[in-house]
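The values are calculated or read from the model by the stated rules, or taken from the named source; none is laboratory data. Remember, predicted model here, so these are calculated numbers, not experimental data. Ideal geometry is used to build each Cβ from the backbone, glycine not excepted, and the neighbour counts take in all protein chains shown. Side chains included, ligands, DNA and RNA excluded: accessible areas come from the protein's heavy atoms. Shrake-Rupley method; radii C 1.70, N 1.55, O 1.52, S 1.80 Å.
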Amino acid sequence: ASSYEVVIHANQLTHAVRAALLGHTVSDDGGLIIGGTDTPATGAFAFRTLLSKEAGGDDLYEYHVYYKGRFSEFPETYKTTTKDGVTFQTASGIRGIFTKRDSDGQVAYRLREDEAEEGAKTAIGAWFTAPQVGAVTNGA
């Protein structure tokens, strides 16, 4: 695929994360200020997803990084009551569209702990602090 979509539900986002992804501002008291001219930055997005929970052992994850994209918000919709009683609020989320990098055409890189080669521990250890790029070397 030439682009990928990532969706994050609003209840999973702190105000600080939402501000960083959408160009908003966090107020001194921790509230979220949404300005009419706020513009989301273009950037990379890295996260991990749980593959399996290991009883008595380490949980296994798949790590993801999408290299070039921008997030935008869904329209907000809320429900607070229904005819039969109270319902949960339904709030919006954000959607990121990620496209290929100009430099090499790569869109994303994924690494599964259960399929990783020996050197993967270094990459996984730095997944959220250093840029991650999959490499292929042709053996002789």
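Residues that are farther than 25 Å from D59 by Cβ, of a type outside the set (S, T, N, Q), modelled with pLDDT of 80 or more and open to solvent by less than 80 Å² (accessible area, probe 1.4 Å): does region 107-119 have at least one?
Applying the first criterion (farther than 25 Å from D59 by Cβ) to region 107-119 yields 107.
Cutting the leftovers down to of a type outside the set (S, T, N, Q) gives us 107.
Pick out the ones that are also modelled with pLDDT of 80 or more and you get 107.
Checking the rest, the ones that are also open to solvent by less than 80 Å² (accessible area, probe 1.4 Å) come to 107.
Scanning region 107-119 turns up at least one residue that is farther than 25 Å from D59 by Cβ, of a type outside the set (S, T, N, Q), modelled with pLDDT of 80 or more and open to solvent by less than 80 Å² (accessible area, probe 1.4 Å).
Hey, among the residues in region 60-77 that are surrounded by 10 or more Cβ atoms within 10 Å (Cβ to Cβ) and more than 30 Å from V133 (Cβ to Cβ), which one's modelled with the highest pLDDT?
Only one residue tops the list, namely F74.
Restricting attention to region 106-127, which residues are more than 18 Å from the chain's Cα centre (by Cα) and not in a loop (DSSP other than H, G, I, E, B)? First the steps, then the outcome.
Restricting attention to region 106-127, the residues satisfying the condition of being more than 18 Å from the chain's Cα centre (by Cα) are 113-122.
Those that are more than 18 Å from the chain's Cα centre (by Cα) and not in a loop (DSSP other than H, G, I, E, B): A120, K121, T122.
Is at least one residue of region 2-10 open to solvent by 50 Å² or more (accessible area, probe 1.4 Å) and either part of a loop (DSSP other than H, G, I, E, B) or modelled with pLDDT of 95 or more (or both)?
Keep residues of region 2-10 that are open to solvent by 50 Å² or more (accessible area, probe 1.4 Å), which gives 2-5, 7, 9.
Keeping just the survivors that are either part of a loop (DSSP other than H, G, I, E, B) or modelled with pLDDT of 95 or more (or both) gives 2.
Yes, that holds for at least one residue.
Every residue in region 16-59 that is more than 15 Å from the chain's Cα centre (by Cα), open to solvent by 60 Å² or more (accessible area, probe 1.4 Å) and not aliphatic (A, V, I, L, M), please.
Result: T25, D28, D29, G36, T37, T39, K53, E54, G56, D58.
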